[in-house]
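Inspection log for the structure reproduced underneath, given as structure tokens.
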Amino acid sequence: MPEPSEIRRSIYLILIAVAVAIATAKVVGGENVLEPSRYKASEGKDGVKGYGSEKYRVWPSERPEPTPMYSSNDKSRWATVRCLVDEGTYVIGKRVYPDGRDPKTFRDEGVVAEAQYKSLDIVLRPLGDDAEGPQVREFYSSKPPLMPTLIAAEYWLLKRILGWDIVRDRFLVIPTIVVTVNVLPLLVYLVLLSRLIELSGKTDFGRLLTLTVATLGTFLLTFSGTLNNHLPAACCILFAAYPLARAMLEKRDLEPSGYLVSGFFAGFAVTFDLPAAAFLVAIGLPLLIARTRPTILYFAPAAIVPLAALLLCNYLAMSRFVPAYGEFGGPWYNFEGSHWAKRGTDKAIGIDFNDEPTHIYAFHLLFGHHGWFSLTPVWFLALGGLVALGIRSAADVRKLLGKGKWSGWTPELFAAMTLVVSLTVFVFYLTRTQSYNYGGFTSGPRWLFWLIPLWVLGLLPAADRLAGYKLGRLLCVVLLGFSVLSVFYPTPNPWRPPWILQLMEFTGYLHY
């Protein structure tokens, strides 16, 4: 009879294999599909009741070209990748003014003007006030340029070695790169999570439930089929936390390599999701206080490398260090014809321009149509586990602040860190009134996705606690089921509203 640990590891292997197979299928079988229910019906036809954007989207008169690109978000990044390799520039298009004195007379040229690459996520270099004569202004992706630069290196290799072209061979180039960027890191992420779950879990049920959530019950799987920054950011968070958690569970101090790995990936996570800086500070500051020398020698320099690379890429792209998205709502965004310039006009329709009060936005981001807890209710269990551990962290904090010998990270301190980081990020988005769009057309609260690995680890103690009760296990399974529903509901395209919002729109309860 196999040992329980051997049986668990076999189940881990099966769950990881299923998740990776699903992610791969999403990539290689992916194609952007137009859904009739999200478009206006033809004149003179009743049609069926639709939902969401059908009030203002018009069904195309001609068949669009097939593409494995799904939304403005990924098209913007792919445009940069294409232009870097094919044209040697970060410029993805140009706006030409035949009469430099008339800013409303122009024509757009380049990749940004092509139908397949049309995107809302672009910026235009502002026109100087003293312009005279013909003028040319440059379009860029509004997304930070480091990620497209790294991806461009792979496209360059594919083009030089295999002769693949991102336009002609888009169903070869794009899936190959997305497998590299999304699926392979997801595989490593799940393997490392399974090791931490095995080490820290107390019950078979708790361990298996937690890994099932990690493999099939989070939005990382939903977004595995499209180029995005959220899945890589979450992987980086887990890669940064792994050495800390492993040392914590084995009751030993970090080795120099652990400082290097944690620092590098914590800094790398910031280049994908800026608010991940809260995590970088949250793990770096305690290490700096209690383990000053190795933190300065190893952790800090490793963290600086990806951050410096981001600033360098941004300067090479736009001759400035500040990313364009840091000036959302400014002149880089509000150019003639820009989607974002509609704010304050009668054309400002849809979720991108909602003007909800802060408390309504907060509710929907936590418990409503884009809710962290309502869409993936297993996080209620994780919250319980994190709070139960976090309230016992006071002694560790006192030791960290010099009132005793700090023995390193503990589960209690790690849980408290997760709660503080999560609250910080949530408050950050509540203070950004121009971001009350929930991330546009997206199937979940994508601002928060990079927190997922931390909450998965917080789920384990709660699942272990409930494992001894029949009703507790039933509750866990029910919450898992609803989480999986939300994850797989937008199977054709993750850049679609969540099922809760679509239900509200279909019933007429709410419409943006």
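Might you let me know whether the stretch 389-406 holds any residue that is open to solvent by less than 10 Å² (accessible area, probe 1.4 Å) and touching a residue at least 24 places away in the same chain (Cβ under 8 Å)? Looking for residues that are open to solvent by less than 10 Å² (accessible area, probe 1.4 Å) and touching a residue at least 24 places away in the same chain (Cβ under 8 Å), one finds none in the stretch 389-406, hence no. Looking only at residues in the stretch 27-75 that are at pLDDT 90 or above and not in a loop (DSSP other than H, G, I, E, B), the one that is most open to solvent (accessible area, probe 1.4 Å) is Val28.
One residue is enough: does the stretch 135-151 have a residue meeting the conditions more than 30 Å from Asn334 (Cα to Cα) and in contact (Cβ under 8 Å) with a residue 60 or more places away in the chain? Checked against the condition, which is being more than 30 Å from Asn334 (Cα to Cα) and in contact (Cβ under 8 Å) with a residue 60 or more places away in the chain, the stretch 135-151 yields no hits at all. Using the structure shown, decide if Lys159 is in a loop (DSSP other than H, G, I, E, B), touching a residue at least 60 places away in the same chain (Cβ under 8 Å) and either over 21 Å from Glu6 (Cβ atoms) or not hydrophobic (A, V, I, L, M, F, W, C) (or both). So Lys159 does not fit the description; no.
Annotation: Thr491 fulfils all but one of (1) within 28 Å of Val188 (Cβ to Cβ); (2) of a type in the set (Ser, Thr, Tyr); (3) at pLDDT below 95; (4) open to solvent by less than 40 Å² (accessible area, probe 1.4 Å); the unmet one is (4).
Just to be sure, is Leu510 among the aliphatic types (A, V, I, L, M), surrounded by fewer than 21 Cβ atoms within 10 Å (Cβ to Cβ) and in contact with a helix residue (DSSP H, G or I) (Cβ under 8 Å, 6 or more places away or on another chain)? Judged against the criteria, Leu510 is a match. So if I check each of Leu423, Leu451, which one is modelled with pLDDT of 90 or more and surrounded by 19 or more Cβ atoms within 10 Å (Cβ to Cβ)? Just a single option satisfies the conditions, and that option is Leu451.
For the residues Ala309, Ala303, Ala278, Ala282, the requirement of being under 30 Å from Leu430 (Cα atoms), touching a residue at least 24 places away in the same chain (Cβ under 8 Å) and open to solvent by less than 20 Å² (accessible area, probe 1.4 Å) singles out Ala303. Within the stretch 344-367, residues that are closer than 21 Å to Arg38 by Cβ reach partners that are part of a helix (DSSP H, G or I) with beta carbons closer than 7 Å, at six or more positions or on different chains, in the pairs Ala348/Lys342; Gly350/Ser53; Phe353/Lys342. Considering Thr24, Thr89, which residue is open to solvent by less than 60 Å² (accessible area, probe 1.4 Å), more than 26 Å from Pro185 (Cβ to Cβ) and at pLDDT 95 or above? From the options Thr24, Thr89, the qualifying one is Thr89.
Scanning the stretch 452-484 for residues that are under 18 Å from Gly368 (Cβ atoms) and under 19 Å from the mean Cα position of the chain (by Cα) returns a single hit, Ser483.
Filtering the stretch 109-127 to residues that are within 23 Å of Arg168 (Cβ to Cβ), outside any loop (DSSP other than H, G, I, E, B) and open to solvent by less than 70 Å² (accessible area, probe 1.4 Å) leaves Val111, Val112, Ala113, Gln116, Tyr117. Of all the criteria given as (1) assigned to a loop (DSSP other than H, G, I, E, B); (2) surrounded by 15 or more Cβ atoms within 10 Å (Cβ to Cβ); (3) under 26 Å from the mean Cα position of the chain (by Cα), the one not satisfied by Trp340 is (1). Return yes or no: is Ala247 under 23 Å from Thr180 (Cα atoms) and in contact (Cβ under 8 Å) with a residue 40 or more places away in the chain? Spelling it out, it is not the case that Ala247 is under 23 Å from Thr180 (Cα atoms) and in contact (Cβ under 8 Å) with a residue 40 or more places away in the chain.
Kindly establish whether Val91 is closer than 24 Å to Ser338 by Cα, of a type in the set (Val, Ile, Thr) and in a loop (DSSP other than H, G, I, E, B). Yes; evaluated as a whole, the condition is true for this residue. Filter the stretch 312-336 down to the residues that are loosely packed, with under 15 Cβ neighbours inside 10 Å and touching a residue at least 60 places away in the same chain (Cβ under 8 Å) and list them by number. Those that are loosely packed, with under 15 Cβ neighbours inside 10 Å and touching a residue at least 60 places away in the same chain (Cβ under 8 Å): Leu316, Gly329, Pro331, Glu336.
Only residues that are among the aromatic types (Phe, Trp, Tyr) and closer than 11 Å to Glu138 by Cβ: list them for the stretch 83-99, please. The one that is among the aromatic types (Phe, Trp, Tyr) and closer than 11 Å to Glu138 by Cβ: Tyr90. All told, Leu84 meets the bar of being farther than 30 Å from Leu15 by Cα, modelled with pLDDT of 95 or more and surrounded by 14 or more Cβ atoms within 10 Å (Cβ to Cβ).
The values are calculated or read from the model by the stated rules, or taken from the named source; none is laboratory data. Since the model is a prediction, treat every value here as computed from it, not as a measurement. Heads up, the Cβs are rebuilt from the backbone with ideal geometry, glycines too, and the neighbour counts pull from every protein chain shown. Just the protein is used for accessible areas: all its heavy atoms, side chains included, with ligands, DNA and RNA removed. Shrake-Rupley method; radii C 1.70, N 1.55, O 1.52, S 1.80 Å.
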